[in-house]
Amino acid sequence: MDLNEAERRIAERLDGLATDDVGVEVSVVPAGWLSVDIWSRHPISFWRESIYLHADGRIDLPAPDDGCTPLSAPTARLGSAGSVDEAVELIVPYAEKAVAALRDRQAKALASALPTAQPAVANLGEACELWQGGRDVGSSLGRGAAGALTGIDHYFHAQYIAEHTARARRSRPALEAAIALLRGVNTADRQDADGWCAATGLPTSGFAGRGLAEKPHEDPQILRTLGHGQITMPLWGVSLDRSVAEGNGTRFLFEIVGEFPAVPAWVASGIKSDEQELVTGGRYRVLSMEDVGSTTHVRLEWMGAAGDKVGSDPLLLDVLGTVDGVTRSSLTRSLRDWEKLEIGLPGYGNSATVTRKAGAEEVEVVRYWEPPYDPNAKDDSPYTQHRAMLDASRTTTVPADVESIVTAVRETH
């Protein structure tokens, strides 16, 4: 089998199938076979599929890799070709079907990433007014509250970010404002920058974004995060005025291109119309990064919701604000009329969940602790450790009041 000739002809037939979302590559690898590789370039889904043509005509299909495929996964056989013509006619149709299947997989993933149905949004104007209270008071506290409610880490780590989040957990107004904004964003229509200008009566700007000032300790973290191809922010603010965005700093300039959901803050609050600030949030794809002078210009594309399942049970919010030393938290609602508060405490495996059905007079508290060291353990994998943590957990039912729940959460092993 002339692998080089097969490479030329297959590449010619598959030319044009590769896009910004789908990668297609045909090559003769050093190991001595022809490989046709098809993979997802879109961060919404991980997928890689290959077709191997060997010199003796065998055409193998390694198990597609979805990110969890073990190396021991069996290889299938597409067939055996006696000539380059036969190899081309076996491989090309299979590759075309694989590309179509990948595109369908991505479309379904994007559809599933759309926001779930949202409860009615209350006090959106008050929430926007709190958000606009100042970068280090309003929006910083609001972003911290969104992180405390969703469990989504900020895209870089810093002590002041942790302090904002800890303070937000103890602030009922900040938590309620974040809930209103998360639901407002996830209820909103999706429009591009010019669409938002038109919707709010502004001249067309062709821009929606935010600038960041230089942070020597955090800038490398931001670059690493962006290098992964996606970034998630439950809530953040962008301006339709580029000069306002750049006024926050020019080390980074984040620009959202395409359609995205948002709440026009000044329209809801009636204040600070000159800032033209949209409160938005979600999962974003990094379309490009370009250094322009001393500024890294990052173009982002909205690709899915974040925080669309946030809960709002008043009792669970009170519990979140009362427990000390919380390292991580989230409050999630279910379509089956219950909400779950998850609380992380210092130490590996040290955490609790509090689950309450709407209006119930009792709640379920599950307390987890770090499992005791077992010198005879034969498997130290995270799965085994997690299993040991579950085995050591304790489930109790307590009255639906803050004191009883906090006592159960604080319980020592």
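What the table shows:
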quantity	calculated
Cleavage-rule hits, trypsin sites (Lys or Arg not before Pro), region 104-181, DSSP coil, Cβ neighbours within 10 Å at most 16	170
Degrees, to the nearest 10: 382-391 long Cα axis against longest axis of the chain	40 degrees
Choice from 321, 57, 32 with maximal GNM fluctuation in the chain (Cα, 10 Å cutoff)	32
Region 57-83 and region 196-246: distance between their alpha carbon centers, rounded to Å	43 Å
Extension reserve of the residue 291-residue 200 stretch, reckoned as 0.36 nm per residue once the Cα distance is removed	29.6 nm
Compactness of region 73-204 as Cα Rg over 2.2 N^0.38 Å, two decimals	1.74
Residues whose placed amide H lies under 5 Å from that of residue 304, excluding near-sequence neighbours	283
Angle between the chain longest axis and helix 159-169 axis [Cα atoms, degrees, rounded to 10]	60 degrees
Nearest 10 degrees, 0 to 90: helix 140-150 Cα axis against the chain principal axis	70 degrees
Correct choice for Cα Rg over 2.2 N^0.38 Å that was computed from the model, options (1) 1.19; (2) 1.71; (3) 1.90	(1)
Cut-off under 5 Å, modelled amide H: who pairs with residue 311 long-range	331, 332, 333
Proximal lysines relative to residue 357, as straight alpha-carbon distance under 28 Å, when same-chain residues fewer than 8 apart are discounted	309, 340
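Any read-out appearing in this document is the output of simple, stated calculations on the displayed coordinates, not a laboratory observation. Quick caveat, the model's predicted, so the values are computed rather than measured. Here Cβ is always computed from backbone atoms with ideal geometry, including for glycine, and neighbour counts include all displayed protein chains.
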